[in-house]
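One structure is given below, encoded as C-alpha cells.
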Amino acid sequence: MDERDETLRARIEAVVEAGEAAAQDPLAMEAFLALRRALEAGTARAAEPDPSTPTGWRVQPWVKRGILLGFRLGRLEGSGDGGPGGFPFVDKNTFPARSWAEADGVRVVPGGSAVRAGAFVAPGVVIMPPAYVNVGAYVDAGTMIDSHALVGSCAQIGRRVHLSAAAQVGGVLEPVNASPVILEDDVLAGGNCGVYEGTVVRRGAVLAAGTILTRGTPVYDLVHGTVVRATLDCPLIIPENAVVVPGARAVHKGAGSAWGLSLYTPVIVKYRDSKTDLSATLEELLR
C-alpha cells in the first residue's frame, strides 16, 4: 500500500469513527468519493493478493467500511432519463450506474447490463446482456461476463475468467473482515454455477455447469482421495487447475438410506491438462 492509499485509508477510518456525526460533514462525502474513484481505478481493492496468507489474499476491511459509509451517506434518487443503462432506476445517489466510453476499452453489449459505481472493470472485459457487477467488485482484463451472470459486492475476478450464462459470484460485504469470493486467473465457470460465502477458486480451475460452492460444501477430490473443506479460519479453496463437476453422495443415516436418497456434492474428477485447455480455447471464438 503506497502513501496515497494510506492517506485515503486514514480519511475513511476517521470518518467511520465519527459515526452519525459524519453524515453532516462534507469531508465525509469527499472521503467516500475519493474511495469510489480509487475502486473504479483499481488502486483500492476489498482484497489484494498476498502470498504470505493461507488463502493467498489479504482482506482490506477499511475498503468495505468505506463502501458501507457510502450507503449511510447516500439518499434515494431516481434517474429520470433512464440513466446510462437506458432504463429507469431508483438507488442511493452515492452508487449510480457507471457509464462507459470507447477509451475505457470495456465492451458492454446493449440489452440491460449494469455496472455499479465503485466497481473496477479492466480494459478487454466483455459484458453480455443482461449482467450485473456490484460495488467493490474487481474484474480483471480479458474476462467475459456472460448473460444473466452476477459479480457480487467485493468479488475479485482475475484475468481471462469466463463466467458463463447465469453464473453467480456471490457478494461478501459484511462482516468487513470476511474474505470475498475470489476467482483467480483463467478460471472457467460453467452455466448456472454458484460460488458463494468467500470461496476461493484457484488459477485455471474449471467449474462444470451447475456446480455450487459454499463455505459449508465438502468437495470430494477423486484424484487425490481427499475431501476439501473450509475450516474455522479459512474458506473453501478449490485447488489450482481442478476440474469440478456436480456429484452426489448417498445418505446412510435414518430414513434416507431406506429411501435411497443422495445429497448434492461437488467432485474433483481431474486436473486441467492440455485436452481441457483445448476445449477452453473455444471461449476465444466468442470474444
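The values are calculated or read from the model by the stated rules, or taken from the named source; none is laboratory data. The structure displayed is predicted, hence computed values, not measured ones. No Cβ is skipped: glycine too gets one built from the backbone with ideal geometry, and neighbour counts run over all protein chains shown.
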_For the range 168-181, check the following and say yes or no: at least one residue is within 11 Å of the chain's Cα centre (by Cα), within 27 Å of residue 271 (Cβ to Cβ) and in a strand (DSSP E or B)._
yes
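Just the residues that are buried (at least 22 other Cβ atoms within 10 Å of the Cβ) and either free of Cβ contacts under 8 Å to residues at least 12 places away in the same chain or farther than 11 Å from residue 197 by Cα (or both), please, taken from the range 167-176. Break it down into steps so the answer makes sense when it comes.
Taking the range 167-176 first, the residues buried (at least 22 other Cβ atoms within 10 Å of the Cβ) are 167, 169, 172.
If the condition is that a residue be buried (at least 22 other Cβ atoms within 10 Å of the Cβ) and either free of Cβ contacts under 8 Å to residues at least 12 places away in the same chain or farther than 11 Å from residue 197 by Cα (or both), then 167 is the only one that fits.
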*asked:* Take the residues in the range 203-239 that are touching a Phe, Trp or Tyr at 6+ places or on another chain (Cβ under 8 Å) and not β-branched (Val, Ile, Thr); name whichever of them is nearest to residue 164 (Cα to Cα).
replied: 213
*Filter the range 177-188 down to residues that are crowded, with 20+ Cβ neighbours inside 10 Å and under 27 Å from residue 61 (Cα atoms), then give me how many there are.*
8
*Among the numbered criteria (1) in contact (Cβ under 8 Å) with a residue 60 or more places away in the chain; (2) surrounded by 15 or more Cβ atoms within 10 Å (Cβ to Cβ); (3) over 16 Å from residue 176 (Cα atoms), which single criterion is violated by residue 63?*
(3)
*Qualifying positions in the range 107-166 - surrounded by fewer than 19 Cβ atoms within 10 Å (Cβ to Cβ), among the hydrophobic types (A, V, I, L, M, F, W, C) and touching a Ser or Thr at 6+ places or on another chain (Cβ under 7 Å)*: 165
*Mind checking whether some residue in the range 195-206 is at pLDDT 95 or above, within 18 Å of residue 139 (Cα to Cα) and polar (S, T, N, Q)?*
yes
*Hey, does the range 147-157 have a residue that's in a loop (DSSP other than H, G, I, E, B) and closer than 24 Å to residue 51 by Cβ?*
yes
*Filter the range 34-59 down to residues that are under 20 Å from residue 121 (Cβ atoms) and touching a residue at least 24 places away in the same chain (Cβ under 8 Å), then give me how many there are.*
14
*Which of (1) touching a Lys or Arg at 6+ places or on another chain (Cβ under 8 Å); (2) outside any helix (DSSP H, G or I) is the odd one out, the single condition residue 58 does not satisfy?*
(1)
*Residue check: is residue 93 in contact with a strand residue (DSSP E or B) (Cβ under 6 Å, 6 or more places away or on another chain), surrounded by fewer than 20 Cβ atoms within 10 Å (Cβ to Cβ) and free of Cβ contacts under 8 Å to residues at least 40 places away in the same chain?*
yes
